[in-house]
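A.B. asks: Questions regarding the structure given below will be posed in turn.
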Amino acid sequence: MTVPESEELAAATPVTAVATPVPVTKLRGGREALYFARRNRKLLVGLAVVLVFLAVAVVGPLLTDHGPNEYVGPPAQRPSARYWFGTTMFGQDVFAQFAHGLRATFLVGLLGGGLAAAIGMLIGFTAGYRGGAVDEALNMLTNVVLVIPTLAVLLIIATYLRVRGVVPEAIFIGLFSWPWVARAIRAQTFSLGSRDFVDLARLSGVGGPRIVVTEIAPNMSSYLFMTFILLFGGSVLAAATLDFIGLGPTEGISLGLMMNNAVLWSALPLGMWWWFVPPGLGITLIVGSLYIMNVGLDEVFNPKLREL
Amino acid sequence: MTLKVDNLKVWYRTLRGQVQALDGVSFGVADGELVGLAGESGCGKSTLGKSLIRLDGRMRHVGGTVELDGKELPIADPERMNGFRFKEVSIIPQYAMSALNPTRRVGRMLAELLESRGVAMAGVRDELLRRLELVGLDAEVLDRYPIELSGGMKQRMVMVISTILNPSLLIADEVTSALDVSTQKAVAETLVEFRDRHYVKSTIFITHDLSLVYQIADSIIVMYAGRLAEKAPTDTLVAAPRHPYTRMLLAALPEVGVRYGTRRLEGIPGSPPSLLNPPTGCRFRDRCPLAFDHCAEQPPFAEVAPDHFVACWKAF
Amino acid sequence: MLRLDRVSKTYRVGTFGGRELAAVRDVSFQVGPGQVISLIGESGSGKSTIGRMILRLTGVSAGTISFDGTDIAAFKGRGLRAYYGNVQGVFQDPFSCYNPVFKADRVLEMLRPAWFPRLDDRQWRDKVAGSLEAVRLDPGQVLGKYPHQLSGGQLQRLLVARALLLDIRLLVADEIISMLDASTRIDVLNLLGDLKARGLGILFITHDLSLGNYLSDQTVILRRGEVVEQGPTDRVFGRPEHPYTRALLASVPQLHRKWDRTGPLARQPAGEGG
């Protein structure tokens, strides 16, 4: 480099050292998610269906003045203006059963799903962050729970507990559906835990559990949200299955129990479609919508899946 | 001329609008020339390299033509480009080490690749083995899976594969960035060797490392914010650069022998403009110590000396 | 101030932890106040591991690292926090160092509960402004922004500002400029030079010899976990004794000086790398 040129540079008016960052036109984090969420058809449709059923669950029982299992009308009636979903073989109001059953369904989903989510997150985060022997032990626990034959356990419980409610059922489901959650969270925590910002947090004097809560979990918030939705749907389905084979609550009513009764009392050969179609459709639609919501959420949170 | 690029414009489609990654780029590469394409991140050098072979789905060709060996390259049409890829225009991608299919043995992958171009592996095998030996690889490498090879070996393998059909134009996209200093030197020298043995006709070597490009290139192109700033033979560019950006860039390179106490280097204050909505006129204007009002008009990329092109009013 | 005495780090690898991998072997050197030590090595040389051991992010398998005479392995709780008040680190990838869902200045806020619990808001703001000024960042430009809104150079400087908030005596800079552009690298390097002049000790870890040469007083060359050569920078770069150092220096691309061509890859020097 020849001298005259550097002198020329030095003599010229110096540029003010203003560092111009990349201009911001991108919505950040939550707002960006909301923007895409409002436009995602799968999410909106799925959410709408679930909300409709939720509305029925909340409002429905208020519209009937009798309990779901009371014998109120003539048996085996088709749907009419009086009994919107007709009556069962014994003269019970199918609509009342349906509305109350929906309540039980949502309760199981919330409780069972929530419990499974809590356990899965606790075990997943701990195993993923601590690693080493703790990870090995928790892995073994996860594997054990995974292979336990839940049906057999449930049968044994059923013989000991003569009276069972919805809440114990929800707890049971919650206690056995968390392994995949723990595995997935563990894997994510491993990869996030090796990122430099976790090291930086340690250098700032932040302790282990706090790091998980304040640094790692926020980065997985979308995934945790989706996990909960999946667990909710899974619990509903599991409860319906258990109820259908007679291992559900001994009192009250649920959609699965309705189907169980309908099959038990030959509703299908007798053509009493109004007895088993509403609960079956209800379960299918709720669980299906939840899964579709999940796919939609995945697109919302994962920029690569969005169609441009 | 082997390669002639005329007013090439390539934009990217993004959520926020069109990123004008390449805005009217024109230059030529002679037969057998090794051109270094240097610039900082976001200047468009990778886009330029990839646009010559059209491998990136998000690119939109907006204007301009590319001529190779007298024929026009159909760079606006990725489908038609398929006929040219690997045979006449080839690329060694960045992160070449991850470019090998992990589920295929290397030899089989190569055979499939050749077959897709209508070339039988048998006809190429002897030459292939000769070249593998040149870069220090054993013939048995072809029977291995990529995971069994070290990073350096994979890099060399990809270099041989990319050049096996003797392309007219080879684009080496940041092939040395992730490497250690000794491997960097070996890879750079291999590129020169390929050119000397006529395995490839011309090479465009894309990098951000000016001192590396100085070692092996015949001429250097410096890019800034989607446009060419300067093009000159290597020694000329380094000894007597005419564009202020090139000068400041060279002045910011720490060298072995330069100490903080004795000679303090200076960086370039500010940062490059966003290409979503680029400013009119010369894009270096905001950071340039020599800027004056005429800079509001974009200077042409004009020849100020034989083979020496600059886009700066002050250089004319 | 900081002293490494025959420090080694071995990892257990293999199916049941059968084999051992020595990442660092028998490394010793010292860093005094106002001194910059360059720790130079290629990938796999163990240089980052040494940085992490000094920062207590990973344990030492053998040997001792002592700060002001005390073995750092003994620090716990409050003692560890005091140590971090004296020694901090900045890492290679600025975008990995910031939690992407939070604002960038959170890295400064994180220090407040542990080290500055008694400052009120105005005092804290003044302190932050002072640190930012020391690294030549405009508070209006960087506070309240998310990491992706700032450039790499700004992010790195913000990390240095964070370290300065604590009034540290030693900074472990692990490849802090390798991901920055040429024009911003120099700004960060010059900043380190100014801090060195004010008495800060710096362990400058890098694979780039030209960068290592620019700032440092002493240089340590590492290869596969072992010290191959160490001494005053001028001597190591000017009159290298070990063949590995010589080979490294010969491979560095420099402006105004062309390589001696060694020919095709078949005759590559012994360093594996890449």
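A.B. asks: In degrees between 0 and 90, to the nearest 10, how far off the longest principal axis of chain C does helix C:182-197 point, with axes built from Cα atoms?
C.D. replies: Rounded to the nearest ten degrees, it is 80.
A.B. asks: Hey, quick one: spin label on B:Asp6, modelled 7 Å out along Cα-Cβ, who in the range B:12-31 has an amide N within reach, i.e. under 17 Å?
C.D. replies: B:24-30
A.B. asks: Between B:Ala302 and A:Arg78, what's the calculated FRET efficiency when r is the beta-carbon distance and R0 is 56 Å? Round to 0.05.
C.D. replies: Working: r = 89 Å, r/R0 = 1.60.
FRET efficiency, B:Ala302 to A:Arg78: 0.05.
A.B. asks: What are the lysines whose alpha-carbon lies under 22 Å from the alpha-carbon of C:Lys196, with same-chain residues fewer than 8 places away excluded?
C.D. replies: C:Lys47, C:Lys127
A.B. asks: Enumerate the aspartates and glutamates that B:Lys9 could reach by cross-link, defined here as Cα to Cα under 17 Å, with residues fewer than 8 away along the same chain left out.
C.D. replies: B:Asp23, B:Asp56, B:Glu67, B:Glu72, B:Asp77
A.B. asks: Still on this structure, I have one more. Fewest Cβ neighbours within 10 Å first, please rank B:Ser202, A:Ser191 accordingly.
C.D. replies: A:Ser191, B:Ser202
A.B. asks: Further question on the same structure: Just want to confirm a number: the relative contact order over the range C:2-251, from Cα pairs under 8 angstrom separated by 6+ residues, in percent.
C.D. replies: 29
A.B. asks: Measure nothing but the geometry: give the 0 to 90° angle between the long axis through the Cα atoms of A:179-193 and the longest principal axis through the Cα atoms of chain A, rounded to 10°.
C.D. replies: Tilt relative to chain A: about 10 degrees.
A.B. asks: Return, ordered by residue number, the residues of the range A:182-209 whose backbone nitrogen is under 20 Å from a label point located 7 Å along Cα→Cβ of A:Ala133.
C.D. replies: It comes to A:208-209, nothing else.
A.B. asks: Ok, one more. Suppose R0 equals 25 Å; then what is the FRET efficiency for B:Ser26 and B:Asp235 from their Cβ-Cβ distance, rounded to the nearest 0.05?
C.D. replies: Numbers: r = 23 Å, r/R0 = 0.93.
Using R0 = 25 Å, I get an efficiency of 0.60.
A.B. asks: Quick one: if you stick a label point 7 Å off each Cα along the C-beta vector at B:Leu55 and A:Val153, how many nm between them?
C.D. replies: Those two pseudo-labels are separated by 5.1 nm.
A.B. asks: Tally Lys/Arg at +1 and Asp/Glu at -1 over every other residue whose Cβ is under 13 Å from the Cβ of C:Gly231; what's the total?
C.D. replies: Local charge sum for C:Gly231: -2.
A.B. asks: Using only Cα atoms, locate the centre of the range C:233-255 and the centre of the range A:252-295, then give the distance between them in Å, rounded to an integer.
C.D. replies: The two parts, judged by their Cα centres, are 79 Å apart.
A.B. asks: If the reach is capped at under 16 angstrom between alpha carbons, list the aspartates and glutamates near B:Lys71, excluding any in the same chain fewer than eight residues apart.
C.D. replies: Excluding near neighbours in sequence, the set is B:Asp6, B:Asp31, B:Glu88.
A.B. asks: Quick check: Cα centre of the range C:1-45 to Cα centre of the range A:44-104, how many Å?
C.D. replies: Cα centroid to Cα centroid, the span is 71 Å.
A.B. asks: Quick one: if you stick a label point 7 Å off each Cα along the C-beta vector at A:Asn302 and C:Gln141, how many nm between them?
C.D. replies: 3.8
A.B. asks: Quick one: of C:Lys9/C:Lys76; B:Lys4/B:Lys185; B:Lys45/C:Lys145, which pairs are farther than 24 Å apart, Cα to Cα? It would help to have the intermediate numbers written out before the result.
C.D. replies: Numbers: C:Lys9/C:Lys76 21 Å; B:Lys4/B:Lys185 29 Å; B:Lys45/C:Lys145 29 Å.
Result: B:Lys4/B:Lys185; B:Lys45/C:Lys145 exceed 24 Å.
A.B. asks: So how tilted is helix C:152-165 from the main axis of chain C? Cα-based, degrees 0 to 90, rounded to 10.
C.D. replies: 70
A.B. asks: Same structure, new question: Could you tell me the calculated FRET efficiency between A:Val59 and A:Thr284, based on Cβ-Cβ distance and R0 = 25 angstrom, to the nearest 0.05?
C.D. replies: Efficiency, from the Cβ-Cβ distance: 0.70.
A.B. asks: Does anything in the range C:200-216 have its amide N under 14 Å from the 7 Å Cα→Cβ label point of C:Asp234, and if so which residues?
C.D. replies: Within reach of a label on C:Asp234, which here means backbone N under 14 Å from a point 7 Å along Cα→Cβ, the range C:200-216 contributes C:216.
A.B. asks: Using the Cβ atoms and a cut-off under 10 Å, what net charge is assigned to the surroundings of B:Leu169, where Lys and Arg are +1 and Asp and Glu are -1?
C.D. replies: It works out to a net charge of -1.
None of the figures in this text is laboratory data; all of them are computed from the coordinates on show. These numbers come from a predicted model, not from an experiment. Every residue, glycine among them, receives a Cβ derived from its backbone with ideal geometry; neighbour counts consider all protein chains shown.
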